[in-house]
Amino acid sequence: MLKAAPAHAFNLGEKVEGKHIIILGAGLAGMTAAYELNKLGYTCTILEARERTGGRCWSIRNGSLNTENDKPTATAVFDEGLYFNAGPSRIPHHHQLTLHYCKELGVPIQVYNNVNEGAYYFAEGKGPLSNKKIRVREVHNDIRGYTTEMLSKAMDHGNLDSGLTKEDAEKVLNYLAAEGGLNIDKLYKASARRGYIESPGAGDKPGKIGDPHKLADIIQSGLLDPDFYNVAEYTYELQMTMFQAVGGMDQIAKAFEKKLKPFIRLGAEVTKITNTPNGATIIYKDKLGEHSISGDMCICTLPLPVLSNINNNFSGDVSRAIDYVEYMKTGKIGLQFKRRFWEEDDQIYGGITHTNNDLTQIFYPSYDYLSKKGILIGYYNFNDKAKRTGELSYAEREKLALEKGRLVHPQYDKEFEKSFSVTWHKTKYSMGGWGEYNSETRKTYYPALLKPDGHIYFAGEHLTYLNAWMAGAFESARSVVTALHGRVTEQRIKYPAAGVKG
Ligand SMILES: Cc1cc2nc3c(=O)[nH]c(=O)nc-3n(C[C@H](O)[C@H](O)[C@H](O)COP(=O)(O)OP(=O)(O)OC[C@H]3O[C@@H](n4cnc5c(N)ncnc54)[C@H](O)[C@@H]3O)c2cc1C
């Protein structure tokens with residue numbers, strides 16, 4: 001009788017000895033690979049160009065340094081105890097491998113509030129509802145109300161329910177009424193769901209419900225445009241419950257680092273990767289100069305835009321894939337305020353305000369509620385908006401975040417203290433947010449990187465269908481460890497005298 005396997009058991013069986021694996025990059029993929037290979041008896045050396053581990057899993061706090069390719073190195077000067085996550089900020093509840101490593105390494109997690117009906121939509125433009133902050137709950141409930149009313153009316157005219165029995169049609173009508181908050185006449189009128197203009201209270205204060213916005217006003221103000229209707233909480237990855245690591249997402253990287261310290265060489269920038277007949281040779285440089293290191297195999301987790309500029313003798317297919325896979329342009333700015341006005345004045349506790357301007361999103365912190373100060377993510381943008389913002393100087397980015405942000409929160413003027421911005425596609429050793437495949441690049445280039453090129457394996461979020469997620473780094477690392485270990489143990493069976501011990 002076999003016991004049921006625990007979730008994410010990763011027991012690859014027999015151990016080996018005397019095998020040296022060189023791992024390029026101490027991000028989550030590289031450190032996970034080393035952590036699991038160590039368990040199997042391998043000796044690992046991790047070469048990491050930065051003076052810190054974690055790669056994109058990075059939280060900005062006082063003293064954090066960022067180097068963008070066209071700018072001097074910037075240093076964060078936030079108050080002690082405050083931070084924002086420049087990279088990952090949320091863990092979906094179904095990313096079990098991410099949660100598994102938090103558990104195995106003892107990283108405490110807390111709920112991350114990704115969905116907040118009390119946050120705002122802010123549409124710049126010429127419509128009747130433009131240039132004002134509107135609570136998300138007003139727009140959501142008005143649109144839901146109007147569309148369910150339309151469907152109800154269409155069903156009443158027999159336009160939609162021809163395939164349904166009378167009883168089933170009745171049930172759909174009841175559902176529409178409940179979903180949209182329709183009245184007895186199947187009309188959408190104001191309901192408490194969209195909030196009060198006077199809150200209910202004691203005695204003779206029943207509260208006053210706000211009138212719905214007109215559907216035409218919502219449409220003409222751009223609030224039905226993709227900036228807003230692509231509601232984050234509907235997507236599989238962003239549905240609640242979501243989590244974050246307590247004290248910053250980089251606590252996950254730090255927990256790996258603690259286990260792997262003797263094997264990590266920080267400040268070691270890889271400059272050349274060579275497949276040799278018996279293994280791999282890596283050239284790297286650090287403060288002391290240039291060094292060469294050889295191993296039986298290598299796992300390369302460097303982001304492709306970085307790898308593309310490193311000397312190598314990879315096969316043509318692999319080189320093409322490295323050059324042609326695109327990466328997301330993305331950036332964030334952290335803004336420290338001396339007062340948590342979004343909580344005190346606006347009753348916003350976590351969640352996201354969406355805009356159609358270059359800010360795209362304002363993220364409210366999901367930690368230290370009700371405390372004195374806090375850091376908002378003043379923009380988190382993508383593609384062209386991130387490209388435009390990334391071109392600006394640090395001071396200009398701050399100016400933009402404040403100018404646009406004060407349209408939503410005029411309190412910015414009085415409460416702002418300091419900022420720190422990161423443009424990932426300009427950040428040395430990352431050069432992009434995450435791998436962005438289209439159907440063509442997924443078909444043409446992706447498969448070449450899933451196989452080893454000689455003695456070199458490739459791992460990282462870019463080698464999964466979990467792009468932009470830490471879970472991608474973990475899944476990919478495990479997949480490569482499985483393949484590598486399979487090859488080593490198979491060789492041992494085939495060539496017992498070839499020096500593979502264990
Ligand atoms: C803005 C942003 C938001 C994100 N949001 C989320 C989220 O909410 N939730 C989530 O789960 N995930 C999120 N992610 C994704 C997550 O951060 C990544 O998928 C994951 O951290 C990638 O890990 P990796 O090991 O594959 O790559 P990396 O972390 O990039 O690791 C590669 C390592 O290689 C090093 N390196 C580069 N060049 C060299 C060189 N020449 N020599 C030696 N070392 C080198 C780098 O310094 C780095 O440490 C986000 C990412 C970004 C950028």
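A compact table of results
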quantity	calculated
Total residues in segment 140-176, condition assigned to a helix (DSSP H, G or I), open to solvent by 30 Å² or more (accessible area, probe 1.4 Å) and farther than 15 Å from LEU215 by Cβ	9
Residue within segment 92-113 that is under 27 Å from HIS354 (Cα atoms) and more than 15 Å from the ligand (Cβ to nearest atom) present	no
Single unsatisfied condition, ILE134 versus (1) surrounded by 18 or more Cβ atoms within 10 Å (Cβ to Cβ); (2) in a helix (DSSP H, G or I)	(2)
Filtered residue count, segment 195-228, keeping only those that are assigned to a helix (DSSP H, G or I) and at pLDDT 95 or above	6
Tabulated pairs, segment 384-405, first closer than 16 Å to THR73 by Cα, second hydroxyl-bearing (Ser, Thr, Tyr) and in a helix (DSSP H, G or I), C-beta under 8 angstrom, 6+ apart or interchain	ARG397/THR389
The one condition in (1) open to solvent by less than 50 Å² (accessible area, probe 1.4 Å); (2) within 7 Å of the ligand (Cβ to nearest atom) that PHE78 fails to fulfil	(2)
Test: ALA386 is in contact with a strand residue (DSSP E or B) (Cβ under 7 Å, 6 or more places away or on another chain) and crowded, with 17+ Cβ neighbours inside 10 Å	yes
Cβ-Cβ under 9 Å pairs, at least 6 apart or on other chains, segment 84-106 side of a type in the set (Lys, Arg), far side away from the ligand (no atom under 11 Å from the Cβ) and assigned to a strand (DSSP E or B)	LYS103/ILE109
Residue in segment 15-28 that is within 16 Å of the ligand (Cβ to nearest atom) and within 17 Å of the chain's Cα centre (by Cα) present	yes
Odd one out for TYR188, checked against (1) of a type in the set (Phe, Trp, Tyr); (2) more than 31 Å from the chain's Cα centre (by Cα); (3) under 30 Å from THR98 (Cα atoms)	(3)
Filtered residue count, segment 45-84, keeping only those that are over 18 Å from ILE264 (Cβ atoms) and of a type in the set (Val, Ile, Thr)	5
Tally, over segment 429-477, of residues that are more than 8 Å from the ligand (Cβ to nearest atom) and open to solvent by 30 Å² or more (accessible area, probe 1.4 Å)	18
Elements of type strands (runs of 3 or more DSSP E) contained in segment 274-334, each with 2 or more residues being within 32 Å of the chain's Cα centre (by Cα)	279-286, 297-300
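The values are calculated or read from the model by the stated rules, or taken from the named source; none is laboratory data. Remember, it's a predicted structure, so these values are computed and weren't measured experimentally. Every residue, glycine among them, receives a Cβ derived from its backbone with ideal geometry; neighbour counts consider all protein chains shown. SASA here: full protein model, heavy atoms, side chains in, ligands and nucleic acids out. Shrake-Rupley method; radii C 1.70, N 1.55, O 1.52, S 1.80 Å.
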